[in-house]
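The structure appears below as structure tokens.
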Amino acid sequence: MRITVARDRCVGAGQCVLNAPALFDQDDDGLVTLLADPGADQESAARLASGLCPSRAITVHEG
């Protein structure tokens with residue numbers, strides 16, 4: 001699994017950071033920053049963060 005983020009679509013809601021703080025952070029403008037691709041133990045949190053993103057700025061690529 002890998003993750004891509006579209007910072008230009010991010011609205012700074014912070015759901016990604018709240019649900020997967022090991023994977024996501026926010027910069028000084030509140031925009032998503034990807035910290036790392038998820039390990040096997042973080043895949044569920046990555047999917048949840050992607051699903052909760054109101055602007056669909058996070059894409060999870062399976063495989």
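The values are calculated or read from the model by the stated rules, or taken from the named source; none is laboratory data. As the structure is a prediction and not an experimental result, all values here were calculated from the model. Reconstructed Cβ throughout: ideal geometry from the backbone, glycine too, with neighbour counts over all protein chains shown. For accessibility, only protein heavy atoms count, side chains too; no ligands or nucleic acids. Shrake-Rupley method; radii C 1.70, N 1.55, O 1.52, S 1.80 Å.
Structure notes:
- Peptides 20-29, 45-54 ranked from most to least packed, by the mean per-residue count of other Cβ atoms within 10 Å: 45-54, 20-29.
- Relative contact order, percent, the chain [alpha-carbon distance under 8 Å, six or more residues apart]: 46
- With the convex hull drawn around the C-alpha atoms of the chain, the volume per residue stands at 65 Å³.
- Cα-based helix-to-principal-axis angle, 43-52 vs the chain, degrees rounded to 10: 30
- Solvent exposure of the chain amounts to 58 Å² per residue of accessible area, where only protein heavy atoms count and the probe is 1.4 Å.
- Sum of side-chain charges, Ala36 neighbourhood, beta-carbon under 14 Å (Lys, Arg +1; Asp, Glu -1): -3
- Backbone HN-Hα couplings from phi across the range 10-22 [Karplus 6.51/-1.76/1.60, Hz, Gly and Pro as x]: 4, 10, x, 5, x, 4, 5, 5, 5, 9, 8, x, 6
- Relative to the Cα centre, the charge distribution of the chain, modelled as +1 at Lys and Arg Cβ and -1 at Asp and Glu Cβ, gives a dipole magnitude of about 240 debye.
- Share of carbon and sulfur in the accessible heavy-atom surface of the chain [1.4 Å probe, %]: 49
- Net +/- balance of residues flanking Glu62 in space, Cβ distance below 10 Å, scoring K and R +1, D and E -1: +1
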